[in-house]
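Since the structure comes first, as structure tokens, the remarks are kept for the end.
The values are calculated or read from the model by the stated rules, or taken from the named source; none is laboratory data. Everything numeric in this text was worked out from a predicted model, so none of it was measured. Counting neighbours? That spans all protein chains shown, and the Cβs are built from the backbone with ideal geometry, glycine included. Side chains are part of the model used for accessible areas, which takes the heavy atoms of the whole protein and leaves out ligands, DNA and RNA. Shrake-Rupley method; radii C 1.70, N 1.55, O 1.52, S 1.80 Å.
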Amino acid sequence: MKQYRVAILGCRSRGSSAARVYHAHPRAEVVGLCDLLEDRLNTLGNEINVEARFTDLDEMIRQTEPDIVAIPTAPALHAPLALRVLEHGVNIEVEKPMGLNLIETDAVMSKASKKSVQVAVHHQWRLSAWTQAINRAYQAGEIGELRYIYASGKGYYGGFGLMEIGTHLLTSMIKFGGHCQSVTAHATTRGRPITPQDVLPAPRGNGIIAGDHVTASLQFDNGVTGTLLQHRFDKLNLDAHVVELYGTEGRLMWHPRGAWKLPNPHALPVNNNLDQWQALKPIYPESFEQAAKTISGNSSMVEGDYWFVDEYVRALDEGREHECSGAEGLHVIEIIMGIFESSAYGTRVDLPQLNREHPLIRWRNEAGLEELTPMPMADADWLEEENKRLGS
Ligand SMILES: NC(=O)c1ccc[n+]([C@@H]2O[C@H](COP(=O)([O-])OP(=O)(O)OC[C@H]3O[C@@H](n4cnc5c(N)ncnc54)[C@H](O)[C@@H]3O)[C@@H](O)[C@H]2O)c1
């Protein structure tokens, strides 16, 4: 059985998590680490015992000849670094969101296709143990025919939440609903429809966004509709972070820390119906129990990250795309850009859109506004600046 050689480009938080799960997987071997900062490189290298440490990514790839390069870096670097790594003709995985606009995301797909390698996007929740449990119940017909999908973020500023968390929610929605054919959306700032002045650079360098509340209505290929909410709360609340499948005979609810089934599509919380939700059992990859013993840290994301690696191994073995493929990641960006376009122009947007420009930048340009001024990167500073702009 082939051992897949993996190189990690970026050794801070997400890079360390990625390195740990690849290192723990019996079919993968971390053959090289790269970071611009040597202390990060050495901390991670010492932890997982990898001596091949580099500050130059091209050098790392030339010397270690990996099958996969993981690129867990800041959002603005995803596409530029992906393009640089793909030049070497290796498979990659890139953190979400796959790109900050369609032009750079398209460029990654076209380069990967020219080099005949694959791109996977680190949408680990789409594969996590709770999603596996939902999928098993769904595939077994336990909620009948799917008719509607609801999803919500956990309370980030709307447009930012869409780039940050919406990317995960949307890939789960298209897993069940099929690709998205069209989008109708509303974005508001302080309760009024957004204007070109509300277009802003997002916190954490997460692209160009607008709206503190975003509500999107989506039409999927499988004849199913859905709603995605990215509403800003005063305080983040993980309990809001769900994906719910509504079937003709019941409902399934996913949360980062659980999955439940309601064996009744219309149960009101009366007449002893309060406790009808049934907890589902998480499903892990075969090798997880053993591997988990060697993974340090207790991030709740470990099993999802491990599933992601397991899927990459199986996809490469079978000569097929990863379930969280570049094509799926690109489609998620199409939906996000469609949501922004529909919110700005007040129209239904059919996907995939022909115009690949960022719709909010186009909207601002058409309004004759000057170039965007930079905003703080950290969430709290960003919100403070935004509150000032809005006059409180
Ligand atoms: N999948 C998830 O659930 C999830 C959760 C949180 C964050 N994220 C994503 O993870 C990313 C952030 O991860 P992080 O906090 O670990 O990132 P980070 O930006 O803090 O760390 C990235 C590391 O990459 C290094 N780096 C950058 N450019 C480099 C280059 N050219 N060569 C070598 N090293 C380079 C930096 O020095 C840094 O140490 C974001 O894209 C975010 O959206 C995903």
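Overview of values
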{"item": "Filter result (in contact with a Ser or Thr (Cβ under 9 Å, 6 or more places away or on another chain) and either in a strand (DSSP E or B) or at pLDDT 95 or above (or both)) within region 252-282", "result": "254, 259, 282"}
{"item": "Considering residues of region 288-315 that are open to solvent by 40 Å² or more (accessible area, probe 1.4 Å) and in a helix (DSSP H, G or I) only, the residue farthest from residue 28 (Cα to Cα)", "result": "289"}
{"item": "Selected residue (only one of 266, 231 is open to solvent by 30 Å² or more (accessible area, probe 1.4 Å), in contact with a His (Cβ under 6 Å, 6 or more places away or on another chain) and not polar (S, T, N, Q))", "result": "231"}
{"item": "Tally, over region 201-228, of residues that are farther than 24 Å from residue 147 by Cα and open to solvent by less than 60 Å² (accessible area, probe 1.4 Å)", "result": "11"}
{"item": "Meets criteria (more than 15 Å from the ligand (Cβ to nearest atom) and surrounded by fewer than 20 Cβ atoms within 10 Å (Cβ to Cβ)) for residue 87", "result": "no"}
{"item": "Qualifying residue in region 24-36 (condition: without any contact (Cβ under 8 Å) to a residue 24 or more places away in the chain, near the ligand (Cβ under 8 Å from one of its atoms) and in the same structural domain as residue 84 (by TED's automatic domain parsing))", "result": "yes"}
{"item": "Residue check, residue 19 more than 15 Å from the ligand (Cβ to nearest atom) and under 30 Å from residue 286 (Cβ atoms)", "result": "no"}
{"item": "Selection count, region 166-195, where residues are of a type in the set (Ser, Thr, Tyr), in contact with a strand residue (DSSP E or B) (Cβ under 6 Å, 6 or more places away or on another chain) and within 16 Å of the ligand (Cβ to nearest atom)", "result": "1"}
{"item": "Test for residue 249: is it free of Cβ contacts under 8 Å to residues at least 40 places away in the same chain and either part of a loop (DSSP other than H, G, I, E, B) or touching a Gly at 6+ places or on another chain (Cβ under 8 Å) (or both)", "result": "no"}
{"item": "Residues that are farther than 23 Å from residue 304 by Cβ and in contact with a Pro (Cβ under 7 Å, 6 or more places away or on another chain), drawn from region 84-99", "result": "90"}
{"item": "Members of region 94-108 found to be crowded, with 19+ Cβ neighbours inside 10 Å and more than 16 Å from the ligand (Cβ to nearest atom), listed by number", "result": "102"}
{"item": "Matching entry among 50, 69 (being part of a strand (DSSP E or B) and either more than 18 Å from residue 115 (Cα to Cα) or not assigned by TED's automatic domain parsing to the domain that holds residue 210 (or both))", "result": "69"}
{"item": "Test: residue in region 107-115 that is more than 19 Å from residue 357 (Cβ to Cβ) and either outside the structural domain of residue 78 (by TED's automatic domain parsing) or under 16 Å from the mean Cα position of the chain (by Cα) (or both)", "result": "no"}
